[in-house]
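Participant: Quick one: structure below, then a few questions.
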Amino acid sequence: MRVSEKVGRDDAVRLARRHFLAQERIDMQSLASELGIGRTTLYRWVGDRDSLISEMLSEMVVEVIHSALQGAKGKGIDRTVDGMRRFMVTTAEFAPLRYLVQTEPELGLRVMLAPGSAVSSAITSELQTEIEKTRPEWSGSEAGELADVLTQIGMAYEWGNIAVRSEPEIDRAIRAMETLIRAADLT
């Protein structure tokens with residue numbers, strides 16, 4: 001970016017995304033310099049580094065989960081589970097995300113895996129919406145709690161493993177999700 005250009009918060013997020021996709025470390029000083037602004041301005045716009053990375057990843061996660069759910073096969077909750085499988089396969093194979101989690105595992109897990117993190121919340125929200133579409137009787141807090149637990153199962157078996165340089169256990173995560181859903185059906 002040229003210093004003379006009018007830049008804003010969205011430009012900072014886009015630039016961080018560009019660095020992320022190039023598998024480069026997202027450095028706040030470098031971003032501010034590239035944008036032609038002071039570091040204080042960048043922090044005012046996007047918060048700290050964790051917040052910027054969380055926001056950027058959350059936006060990307062929503063894009064990927066929508067695509068995965070649109071391409072899912074089956075009916076009802078089986079379609080939702082297939083969508084989650086597709087989502088997990090896609091994200092597990094995404095080199096920039098693997099790079100982040102393997103080069104900065106503490107940061108990667110903090111912004112993705114921690115309950116209530118922006119990424120986890122984005123996945124849970126999308127999954128809750130999908131569950132409510134397929135099982136209206138599970139609406140509200142029941143669907144939200146189920147979506148949160150399914151998200152945590154998926155994140156643990158996928159990203160917990162990747163962070164320690166093991167292969168993600170997507171099939172195992174899906175089996176655990178299906179078991180939980182079957183148990184919810186019985187209540």
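Here's the yes/no breakdown for (1) assigned to a helix (DSSP H, G or I); (2) in contact (Cβ under 8 Å) with a residue 60 or more places away in the chain; (3) within 20 Å of Tyr157 (Cα to Cα):
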{"site": "Glu55", "(1), (2), (3)": "yes, yes, no"}
{"site": "Val62", "(1), (2), (3)": "yes, yes, yes"}
{"site": "Ala72", "(1), (2), (3)": "no, no, no"}
{"site": "Asp78", "(1), (2), (3)": "yes, no, yes"}
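Participant: (1) within 27 Å of Ile53 (Cβ to Cβ); (2) in contact with a Ser or Thr (Cβ under 8 Å, 6 or more places away or on another chain); (3) of a type in the set (A, V, I, L, M): which one isn't true of Met177, the others all being true?
Facilitator: Checking Met177 against (1) within 27 Å of Ile53 (Cβ to Cβ); (2) in contact with a Ser or Thr (Cβ under 8 Å, 6 or more places away or on another chain); (3) of a type in the set (A, V, I, L, M), the one that fails is (2).
Participant: Something else: Restricting attention to region 88-103, which residues are outside any helix (DSSP H, G or I) and in contact with a helix residue (DSSP H, G or I) (Cβ under 9 Å, 6 or more places away or on another chain)?
Facilitator: Step one: of region 88-103, the residues outside any helix (DSSP H, G or I) are 93-94.
Passing the criteria: only Phe94.
Participant: Report yes if some residue within region 93-109 is over 27 Å from Leu52 (Cβ atoms), surrounded by fewer than 19 Cβ atoms within 10 Å (Cβ to Cβ) and hydroxyl-bearing (Ser, Thr, Tyr); otherwise report no.
Facilitator: no
Participant: Look through Ala147, Ala114, Ala72, Ala118 and report the one residue that is hydrophobic (A, V, I, L, M, F, W, C), touching a Lys or Arg at 6+ places or on another chain (Cβ under 8 Å) and either under 25 Å from Glu167 (Cα atoms) or crowded, with 18+ Cβ neighbours inside 10 Å (or both).
Facilitator: On inspection, the qualifying residue turns out to be Ala72.
Participant: If you scan region 129-156, which residues turn out to be out of contact with any Leu (no Cβ under 7 Å at 6 or more places or on another chain), within 24 Å of Gln70 (Cβ to Cβ), polar (S, T, N, Q) and in a helix (DSSP H, G or I)?
Facilitator: Those that are out of contact with any Leu (no Cβ under 7 Å at 6 or more places or on another chain), within 24 Å of Gln70 (Cβ to Cβ), polar (S, T, N, Q) and in a helix (DSSP H, G or I): Thr129, Thr134, Gln152.
Participant: Condition first: in a helix (DSSP H, G or I), more than 16 Å from the chain's Cα centre (by Cα) and surrounded by fewer than 21 Cβ atoms within 10 Å (Cβ to Cβ). Now tell me which residues in region 157-179 satisfy that.
Facilitator: Listed by number, the residues that qualify are Asp171, Arg172, Ile174, Arg175, Ala176, Glu178, Thr179.
Participant: To continue, here is another question. Could you list, in sequence order, all residues of region 1-44 that are at pLDDT 95 or above and among the β-branched types (Val, Ile, Thr)?
Facilitator: Scanning region 1-44 gives Val13, Ile26, Ile37, Thr40, Thr41.
Participant: Give the residue, chosen from Ile37, Ile26, that is closer than 21 Å to Ser117 by Cβ and in a loop (DSSP other than H, G, I, E, B). Break it down into steps so the answer makes sense when it comes.
Facilitator: Values: Ile37 fails: closer than 21 Å to Ser117 by Cβ.
Within the list Ile37, Ile26, the selection yields Ile26.
The values are calculated or read from the model by the stated rules, or taken from the named source; none is laboratory data. Predicted model, so just to flag it, every value in this text is computed and none were measured. All Cβ positions, glycine included, derive from the backbone under ideal geometry; neighbour counts span all protein chains shown.
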